[in-house]
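Data first, discussion second: the structure below is written as structure tokens.
The values are calculated or read from the model by the stated rules, or taken from the named source; none is laboratory data. Remember, it's a predicted structure, so these values are computed and weren't measured experimentally. Cβ sites come from the backbone with ideal geometry, for glycine too, and all protein chains shown count toward neighbours.
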Amino acid sequence: MAFARSDRRRKPSADEPVALKLLVAGGFGVGKTTLVGAVSEIRPLRTEESLSEAGRPVDDIAGVEGKRTTTVAMDFGRITLRDNLVLYLFGTPGQDRFWFLWDELAQGALGAVVLADTRRLEDCFAAVDYFERRGIPFTVAVNCFDGAERHAPDIVRDALDLDGSVPVVLCDARERDSAKNVLISVVEHAAQMAAGRREPATT
Ligand SMILES: Nc1nc2c(ncn2[C@@H]2O[C@H](COP(=O)(O)OP(=O)(O)O)[C@@H](O)[C@H]2O)c(=O)[nH]1
Ligand SMILES: [Mg+2]
């Protein structure tokens, strides 16, 4: 039988790909959909809706006036980092009124990207809090928009009051290689945190 119970206990062979789940979070219009689209090998599944007049009072588009669509449920993409390492990317909905979806999305997530725009840094506070509270490893990726002032990663780290171990990187969410580096940072950080948990410091 194709899905016999014993199949579930089957040990994966060494060359079988490992699939890891990562979340891509951050404020409205910070570039989550752009990042997932830039790295995904599959046509990203998007659930964009036109920003309607009705949504205007709630969808704060100040600073992102060019934005005509919004992700109502989520972005989904896939990238193969190495032959045997596949990442599944889930973009979280940016608006506070979709927070109820986060706990479902966070199930089984290895780590997360928190995208930040230094012009609206406060928009990523909620995502940072969320992952800190749940102990989910995350990298803060500053999406360097054209025309936005550049700030050194350490300045952003201080402004967000991040733990020293949290990676802060600069990126361009539209560039595949740049976005890929962000994902690699998350995977490495998650691996380090997991190693730290396995070998607690002897004090
Ligand atoms: N200049 C610039 N524009 C960007 C960048 N990333 C995203 N955008 C634009 O910013 C807008 C919002 O991006 P989007 O990915 O939809 O944001 P989301 O709400 O976080 O999914 C879109 O019009 C993007 O084309 C970037 O790195 N630089
Ligand atoms: Mg989006």
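Before moving on, here are some points about what is shown:
- Any hit, region 134-145, residues being over 16 Å from ALA173 (Cβ atoms) and of a type in the set (D, E, K, R): yes
- Subset tally (residues that are outside any loop (DSSP other than H, G, I, E, B) and either at pLDDT 85 or above or under 25 Å from GLU122 (Cα atoms) (or both)) for region 10-49: 19
- Checked against (1) modelled with pLDDT of 65 or more; (2) within 15 Å of ligand 1 (Cβ to nearest atom), LEU87 meets all criteria but (2).
- Whichever residue in region 121-148 is out of contact with any strand residue (DSSP E or B) (no Cβ under 7 Å at 6 or more places or on another chain) and of a type in the set (A, V, I, L, M) and, among such residues, is surrounded by the fewest Cβ atoms within 10 Å (Cβ to Cβ): ALA148
- Total residues in region 95-120, condition buried (at least 16 other Cβ atoms within 10 Å of the Cβ), closer than 27 Å to ASP158 by Cβ and either in contact with a Ser or Thr (Cβ under 7 Å, 6 or more places away or on another chain) or of a type in the set (A, V, I, L, M, F, W, C) (or both): 9
- Every test in (1) touching a Pro at 6+ places or on another chain (Cβ under 7 Å); (2) closer than 21 Å to LYS180 by Cα is passed by ARG82 save one, and that test is (1).
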